[in-house]
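Single-structure report; data block below.
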């Protein structure tokens, strides 16, 4: 009997101090309450390969819809703009980008990482070649306060007038936050790296240069039934994507996009009205579409039709590139 009572006595000895603490109102050890907030995930679509200047953009999305903040985990290899995700490679190697979302009263924090591999930035331009930045603004009456903005850069051989390596990014005004201010950082962007058209416009005194998202000009419907022509000329194809044919989807949308800028003979001269009327854009990526209709912007007087949501060009500015790396500054257009 003594052996059978011994475990019971031990349990009572342990229990009595606990009962005394509760009766005397002593504080029990703090136990953190479970976090009832919902989990969120960070998704990192594959970024485009860095361009010749070592420039690209990391774009992450939180499942909660809350904005993310970017950080370079390898600053010796790359730098990243915290708000926009613009990445500038500084050395050869693996660039590791961290995207964080701090959570709020409904969602717990989350983070994800992405690797970007690229060579070192391009060397300085050859003698006689000058680098410029360019910003263009297309007014969007149906997505205010958000407009379509293009921020890019290019090189020009000042001896021959040849323009090359136009690249940059196009904002998507339909992705702006409903309570936003229309800033560049509040919209998604499409990176454009393929300069596929250069046309001298003697009548306007300059050159039309167009850069595309994909290595093809196929962007807008080429079907005559849709008023299509070559598959990309601004104002053609009723703004429908390439592969759409008179009311039917003859092939899937590849999601191309482009921006056409105007470079006057004096690159730094302000554009006059007829030069500004020649710039245009089309965005047939999923975020830049309304069903089968792409987001476009064009001058109605020059191209015969304005953008698919009434968008038209209101400004373009070219300036010397003082970054030293032919980079694209993640700043607002204007």
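Details
- Being under 30 Å from residue 76 (Cβ atoms), in a strand (DSSP E or B) and free of Cβ contacts under 8 Å to residues at least 60 places away in the same chain holds for only one residue in 198, 191, 94, and it is 94.
- If you check 252, 234, 330 for being in contact with a helix residue (DSSP H, G or I) (Cβ under 9 Å, 6 or more places away or on another chain), part of a loop (DSSP other than H, G, I, E, B) and modelled with pLDDT under 90, only one passes: 330.
- Tally of residues being part of a strand (DSSP E or B) and under 22 Å from residue 135 (Cβ atoms) across region 279-293: 4
- Taken over region 198-229, the criterion of being within 30 Å of the chain's Cα centre (by Cα) and surrounded by fewer than 16 Cβ atoms within 10 Å (Cβ to Cβ) is satisfied by 198, 199, 200, 215, 216, 229.
- Positions within region 44-61 being farther than 19 Å from residue 177 by Cα and not in a loop (DSSP other than H, G, I, E, B), in sequence order: 55, 56, 57
- Residue 64 buried (at least 22 other Cβ atoms within 10 Å of the Cβ) and either in contact (Cβ under 8 Å) with a residue 12 or more places away in the chain or assigned to a loop (DSSP other than H, G, I, E, B) (or both): no
- Residue count, region 80-91 (criterion: under 16 Å from the mean Cα position of the chain (by Cα) and either modelled with pLDDT of 90 or more or assigned to a loop (DSSP other than H, G, I, E, B) (or both)): 6
- For region 129-143, the count of residues that are more than 24 Å from residue 256 (Cα to Cα), within 22 Å of the chain's Cα centre (by Cα) and surrounded by fewer than 21 Cβ atoms within 10 Å (Cβ to Cβ) is at least one.
The values are calculated or read from the model by the stated rules, or taken from the named source; none is laboratory data. Note that the structure is predicted; figures quoted are calculated from it, not measured. Backbone-built Cβ (ideal geometry, glycine too); neighbour counts: all protein chains shown.
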